[in-house]
1. For peptide A:210-216, what's the mean number of Cβ atoms from other chains within 10 Å of each residue's Cβ?
2. Using a 7 Å offset from Cα along the direction of the beta-carbon, what are the separations from A:ALA61 to the same position in each other copy, nm, ascending?
3. Counting only other chains, what is the mean number of Cβ atoms within 10 angstrom of the Cβ of each residue in peptide A:174-187?
4. Normalised by the number of residues in chain B, what is the relative contact order in percent for Cα pairs under 8 Å and 6+ residues apart?
5. Round to a whole angstrom and tell me the spacing of the C-alpha centers of segment A:54-86 and segment B:117-153.
6. Expressed as a fraction of 2.2 N^0.38 Å, the rule-of-thumb size for a compact globular protein of N residues, what is the C-alpha radius of gyration of chain B?
7. Considering just Cα atoms, how many Å³ per residue does the convex hull of segment A:1-68 enclose?
8. Got a sec? How would A:ARG188, A:ARG252 order by Cβ neighbour count within 10 Å, fewest to most?
There are 2 protein chains.
Amino acid sequence: MNDSPRPLILVTNDDGYLAKGIRSLVDAMLSLGDVVVVAPDKPQSGMGHAVTLHHVLRLNAVHYPAAVHQAFSCSGTPVDCVKLAIDQVLHRTPDLIVSGINHGSNASTNILYSGTMSAAIEGAVEGIPSIGFSLLDFDADADFTAAAHFAHSIASQVLQHGLEEGVCLNVNIPKLPLSDIHGVKVCRQGRAYWEDNFDKRTDPSGKEYYWMTGEYAIHDKGEDTDEFALAHGFVSMVPVQYDLTAYHAFQRLNNWSLK
Amino acid sequence: MNDSPRPLILVTNDDGYLAKGIRSLVDAMLSLGDVVVVAPDKPQSGMGHAVTLHHVLRLNAVHYPAAVHQAFSCSGTPVDCVKLAIDQVLHRTPDLIVSGINHGSNASTNILYSGTMSAAIEGAVEGIPSIGFSLLDFDADADFTAAAHFAHSIASQVLQHGLEEGVCLNVNIPKLPLSDIHGVKVCRQGRAYWEDNFDKRTDPSGKEYYWMTGEYAIHDKGEDTDEFALAHGFVSMVPVQYDLTAYHAFQRLNNWSLK
């Protein structure tokens, strides 16, 4: 008889607890461990690593179709969800945090703006193996079959092998049927940025306002990037660290004259 | 006669355009170039790299006591401010973006939650030399004399030497008189995290809510960290990159069995 407890898995996201993506992720985790859901009560895309300091936070128990142990919606950001889950909901430190499956890419520099990935990064800060999953399809009714397959496979490997301290994973899945995906590639984060082009409009009272829009500009032609892997039919898996120190820049800075 | 234009300097922050810290930073920049302010219309602490995707954004011209070229308050986050300034306010790409001076530390992992530093990181993503400044004093009426001195000195060096592509600076200033500060130290980001301890309360209608509180736990004893420098009377200067790839983790991940 094996008395070791089943792994405890916290599931969160940034599209809100009702999104199809998190339902698919929960289903993919059920055979791997005991699942607890703490996810935002509304879409929180683009919230990055925001935390709620100046407002109160609420947790509400919610019914979940799958056989999860507990499920809560939270009034805060994805990072708030992770923090509240660890401090107030879970009876012990989870063995794994999975975030997503996001509706839309978090490859390359999109990671900076991504609530999905910030939840995973927060997990890494707190010393917990963590993975963010994103599907390259913004559709609310996207087909998560292939994404859920790889979420199961990668989560299973993380539970088995662990992750190095200070490292989490940014996994993106191309919008392809499972049979057309060539496999998983370990990649670096591509260099890219949003060429912003705000849409300036005038409201009925004559005041100007702006909508953020833009074009994603990928100037990085490297064949070792996440964007390259995704464009060639692979799942991209980028190991991500929260130590942002640019060690290569030390020497030049030490030559400056600073008083 | 020198026809080269004066440097164009964008100033933003996360405490809002009315904060004492940004006023001090503007004053410190006036002798270095033409200053344009685009800063949040309200405090945006803890907003991390959040962007506003699902709401409209507003810009309002505001009066500024110092001799700035233009000043706007913005309804969005610090990153929104940088994006709007570049696309809609400035007539050319700025030579420098400075953010702060924040009321409170953004050393070690606080960088992840910091709107001040996210504005600087966004600048780096857009290829513009950028610096975030923070004073280790939360007081709304803190003394920014020493912080403004170092902001001037470091900004001057950045304008002279530039920064490597993909790198910005996270500068923190200890809460000390200028005469007691030993100088500027180039450091790495310390390892630390918030041990969250949510304050659970009950509202008048009987429903529970939470306030985020916690203790900052610095387990990193390294003498090359920002926290060590600050505790020993130095200004800390951490070069920061937005490539989050953990290259050292590639080899282990490539040994996994992923299907």
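1. Details: counts 13, 6, 12, 2, 2, 0, 0.
Partner-chain Cβ atoms within 10 Å, mean over residues of A:210-216: 5.
2. Nearest to farthest, the other copies are at 5.7 nm.
3. Working: counts 0, 0, 0, 0, 0, 0, 0, 0, 0, 2, 4, 2, 9, 2.
Counting Cβ atoms of other protein chains within 10 Å of each residue's Cβ and averaging gives 1.
4. Details: 560 pairs, mean separation 45.1, N = 259.
Reported relative contact order: 17 percent.
5. Distance between centres, Cα-based: 34 Å.
6. Numbers: Rg = 19.3 Å, N = 259, 2.2 N^0.38 = 18.2 Å.
Expressed relative to 2.2 N^0.38 Å, the Cα Rg reads 1.06.
7. Working: hull volume 8.4 nm³, N = 68.
Enclosed volume per residue, from the Cα hull, is 124 Å³.
8. Sorted ascending by nearby Cβ count, the order is A:ARG252, A:ARG188.
Rule-based calculations on the coordinates, nothing more; no lab input. Since the model is a prediction, treat every value here as computed from it, not as a measurement. When we count neighbours, we look across all protein chains shown, and the Cβ atoms used for this are built from the backbone with ideal geometry, even at glycine.
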